[in-house]
Structures are given as structure tokens and as C-alpha cells.
Amino acid sequence: MHSMWRVRSLSGKENELQCERVSLYGVHQDGGFSEYLAVREDNLVPLPDEVSDSAGALVECFAIGAHAVRRAEIKAEQNVLVIGAGPIGLATAAIARAKGAHVVVADIDCQRRQHVVDHLAINVFDPTQEGFIAALSEVFGGELACVVLDATGNKASMSHDVNLIRHGGKIVFIGLYIGELVIA
């Protein structure tokens, strides 16, 4: 939920995320996971009656995933690695696959990896296991990923992503990390 719509119109910038005073509930302001939150009406978008609350709860995950896939300019047949099998990572993987990409998911959590195996029929790996890069290359036909979409927000993961892409590949950081990030 964005809380800066009035500020955006005063900033004169076309992209609201370029506003110097952007403020997001749950990021810059407390309240994103509150049971109740009082906000101005113009900060709300009503959910159509035909959309269930369960489906509506996934809108943000899929919107973020769609934005990441669009930013990466993913095309059919590209090799795409999604790091992080949480809700946003899984939504991103589903959207990349719907675009026709060859998708692999990596996550350090065994329950999340098992969920991918059980429900998504996508190759999944533990990126901390020895031989991960070789296994990734094998699945991608001897190459590394054309695109890495990192949904972890984890400094160690994000710093290592450059080792997972082929020459000329792209990395899109989806997860939010605050602090200095060294790419190595």
C-alpha cells in the first residue's frame, strides 16, 4: 500500500517510485501486517466481488512478479533462475514460465523446495549444495541462466547472483535489501 499519492502529484515526476518522499506501509511505516490499519480512502483499491479474498491476497505477489519479469524482458525459451521460493518468488516463477521461459527455482529451505516439486513441476535446487552451479548448467543445456530474478532480499544471495548468469545475462533484484551490497 502506497501512502504518497498526494506527494507524487506535487513532485512532477511520472514514476511515483522516483518521488523523494515515497512511503510504503510495511516498509517505511509500520502497519503492513496489522490486523487493522486506518488509511485514507484514496489509498485503497476495492477487490471485485468475483475475486475471492484468498485470490486477492496474492495480487501483490503476482504484481511484483509481473513487474520483475517485464523489467528483465524475459522471452520464450530463455533460461531463467528464480532465487527464493516464497510467495513472490513463486509468483515470479509462474509468470516467467507463462512467458515460455525455462524456469529453475533455488531456495535454501527444504519445505519450500518440496512445495515447488509437489505443486509447480519446476526444477528446484538448494543453492548452498556443492555442485549447484554445475547442476544448474546441466538443466539449462550447458549454459548458466540468461536471467536471474532474486526474490530473497538476502545480502549473501544477491552478492553471489553474478556467478549464476551467463555472459551478457541480466539480474533483477526483487527482494528489498537495505545496506551496502558488494557484488563478487
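Of the residues making up the range 71-97, those that are crowded, with 22+ Cβ neighbours inside 10 Å and in a helix (DSSP H, G or I) are Ala72, Ile88, Gly89, Leu90, Ala91, Thr92, Ala93, Ile95, Ala96.
Look at (1) of a type in the set (D, E, K, R); (2) touching a residue at least 60 places away in the same chain (Cβ under 8 Å); (3) within 17 Å of Leu164 (Cα to Cα) and you find that Glu73 fails only one, number (3).
Take Ala184 and tell me if it is crowded, with 20+ Cβ neighbours inside 10 Å, in contact with a helix residue (DSSP H, G or I) (Cβ under 6 Å, 6 or more places away or on another chain) and of a type outside the set (Val, Ile, Thr). In short, no. The set of residues in the range 140-159 that are buried (at least 17 other Cβ atoms within 10 Å of the Cβ) and farther than 19 Å from Ile88 by Cβ comprises Phe140, Leu144, Cys146. Scanning the range 72-103 for residues that are under 19 Å from Pro127 (Cα atoms) and of a type outside the set (A, V, I, L, M, F, W, C) yields Asn79, Gly84, Gly86, Pro87, Gly89, Thr92, His102.
The number of residues in the range 20-70 being of a type outside the set (Val, Ile, Thr) and not in a helix (DSSP H, G or I) comes to 27. Listed by position, the strands (runs of 3 or more DSSP E) enclosed by the range 98-184 that each have at least 2 residues that are closer than 26 Å to Arg70 by Cβ and either under 16 Å from the mean Cα position of the chain (by Cα) or not assigned by TED's automatic domain parsing to the domain that holds Val69 (or both) are 102-106, 145-150, 165-173.
The values are calculated or read from the model by the stated rules, or taken from the named source; none is laboratory data. Predicted, not measured: the structure shown is a model, and the values here were computed from it. All Cβ positions, glycine included, derive from the backbone under ideal geometry; neighbour counts span all protein chains shown.
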